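Report on the following structure.
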Amino acid sequence: MEKDEGVQVQVSEKKGDDSPQTPKKVDAGSEIGMAHLVYALQAASFFVGFTGIIALIINYVKWSAVKGTWLESHFRWQIRTFWFALLCWAVAAGTFLIVLFVVMIPRIGIGGWVGPTSEASSAILGLGALALFIIFASGLGVGVVWFIYRIVRGWLRLAAHREMYKKY
């Protein structure tokens, strides 16, 4: 496989319905490198969370440079990966907070209120807390697996110089 630095990519840019298309030259080497950097930053966000935000900023700043090229699909893929992962993790965190503040803290007596004292109600509360925790853990687990899948699939397709989405 050849090195990508300095590669010029031709992109057709329409000026109107009846005018001919003119090629748009894009220096793909630096944009390909930027896409690789964004995938690396997204992967690093497992260990250092703010790198995902840096990756998102890079995507939005460089979006116009890749508009109309095959790299645009990668930038769109990366942006959607960030926002959908954030949504998934927010739902998981919301579930965790419900378990913590609505079920667990009142039950153990922090804050001055102790919940029901009968064994039956304690068992129901415990099962409810367990169910919510399982929902939280599985939602978080699915989100992590999905996030890894998106990074790996995108990075492999980028290395092969392939678009993320097929044009129909």
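The values are calculated or read from the model by the stated rules, or taken from the named source; none is laboratory data. Remember, predicted model here, so these are calculated numbers, not experimental data. Counting neighbours? That spans all protein chains shown, and the Cβs are built from the backbone with ideal geometry, glycine included.
Worth a mention:
- Residues in segment 134-162 that are surrounded by 15 or more Cβ atoms within 10 Å (Cβ to Cβ) and not hydrophobic (A, V, I, L, M, F, W, C): G139, G143, R150, G154, R157, H161.
- Residue selected from segment 61-79 under the condition free of Cβ contacts under 8 Å to residues at least 12 places away in the same chain and out of contact with any helix residue (DSSP H, G or I) (no Cβ under 7 Å at 6 or more places or on another chain), by the criterion nearest to L140 (Cα to Cα): V61
- Within segment 29-46, the set of residues being in a helix (DSSP H, G or I), among the polar types (S, T, N, Q) and over 12 Å from V66 (Cβ atoms) comprises just one member, Q42.
- Segment 115-137, subset among the hydroxyl-bearing types (S, T, Y) and part of a helix (DSSP H, G or I), residue modelled with the lowest pLDDT: S121
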